[in-house]
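Notes for the one structure printed next.
The values are calculated or read from the model by the stated rules, or taken from the named source; none is laboratory data. Quick caveat, the model's predicted, so the values are computed rather than measured. Every residue, glycine as well, gets a Cβ built from its backbone with ideal geometry; the counts of neighbours run over all protein chains shown. Just so you know, the surface numbers come from the protein's heavy atoms only, side chains and all, with ligands and any DNA or RNA stripped out. Shrake-Rupley method; radii C 1.70, N 1.55, O 1.52, S 1.80 Å.
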Amino acid sequence: MSVMDISKVAQQAGVPASTLRFYEEKGLIASVGRRGLRRLFDAAVLERLSLIAIGRAAGFSLEEIGLMFSPDGQPRIDRQRLDAKADELDATIRRLQAMRDGLRHAAACPAPTHMECASFRRLLKAAASGAVRAPKARVVASAKIQG
C-alpha cells in the first residue's frame, strides 16, 4: 500500500489541505493514519478525489456525491441521477444562452434607450416572473475555516 501525507495529496489533487480535512469530516475520504500531526492517505484517494471533483463540477452536492460511494468506498454511481443532472444542466444551458442572447441584443440595440427596446422589455418581464434568476450560491469546501 502506497501512503502519502496530506501535503502530497493536496499537491497532487490540486486542492488545499483544508479541503481534504473537510472531505474527511464529511466522510467522503478517509485517512489511514498519521505521521506526527500529519494525516496519511492511501494513494488510491487521488482517484476518489477525482470522482469528487467531477461530481462538484457537474453541480452535485457533497451529500449527493457521498451517496455515489458504497460503504466499502467503491463508486456506486446511479445512472438515473446522472441522467437527471444532465437534464438539469441542459435547462441551465438554455436559460444562460437566452440570457446571453438578450444581453448581446441589448448591447447592440438601436433603440434610443433600453426601456424602448422590445427585446430588453421581454427580458425584464422574464426577470419579474422569476424565469431569470441568479445561479445558486455554492459553498466552497476549502472556504471552511479549520480550527
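One table, with the values for the structure above:
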| item | result |
| --- | --- |
| Out of ILE65, ILE93, ILE29, sole residue that is more than 17 Å from MET4 (Cβ to Cβ), β-branched (Val, Ile, Thr) and touching a helix residue (DSSP H, G or I) at 6+ places or on another chain (Cβ under 9 Å) | ILE65 |
| Tally, over segment 32-54, of residues that are assigned to a loop (DSSP other than H, G, I, E, B) and in contact with an Asp or Glu (Cβ under 6 Å, 6 or more places away or on another chain) | 1 |
| Residue list for segment 57-87, restricted to those being touching a residue at least 24 places away in the same chain (Cβ under 8 Å) and in contact with a strand residue (DSSP E or B) (Cβ under 9 Å, 6 or more places away or on another chain) | PHE69, PRO75 |
| Tabulated pairs, segment 1-18, first in contact (Cβ under 8 Å) with a residue 24 or more places away in the chain and under 17 Å from LEU51 (Cα atoms), second small (Gly, Ala, Ser) and surrounded by 12 or more Cβ atoms within 10 Å (Cβ to Cβ), C-beta under 7 angstrom, 6+ apart or interchain | VAL15/SER142; PRO16/ALA10; PRO16/SER142 |
| In segment 14-25, the residues that are surrounded by 14 or more Cβ atoms within 10 Å (Cβ to Cβ) and part of a loop (DSSP other than H, G, I, E, B) | VAL15, PRO16 |
| Checklist (1) assigned to a helix (DSSP H, G or I); (2) of a type outside the set (Phe, Trp, Tyr); (3) within 18 Å of PHE22 (Cβ to Cβ) applied to ILE93, failing item | (3) |
| Residue within segment 72-90 that is in contact with a Leu (Cβ under 6 Å, 6 or more places away or on another chain), open to solvent by less than 60 Å² (accessible area, probe 1.4 Å) and within 27 Å of ILE6 (Cβ to Cβ) present | no |
| Filter result (assigned to a helix (DSSP H, G or I) and among the charged types (D, E, K, R)) within segment 1-13 | LYS8 |
| Of all residues in segment 19-56 being among the acidic types (Asp, Glu) and free of Cβ contacts under 8 Å to residues at least 12 places away in the same chain, the one that is nearest to ARG76 (Cα to Cα) | GLU47 |
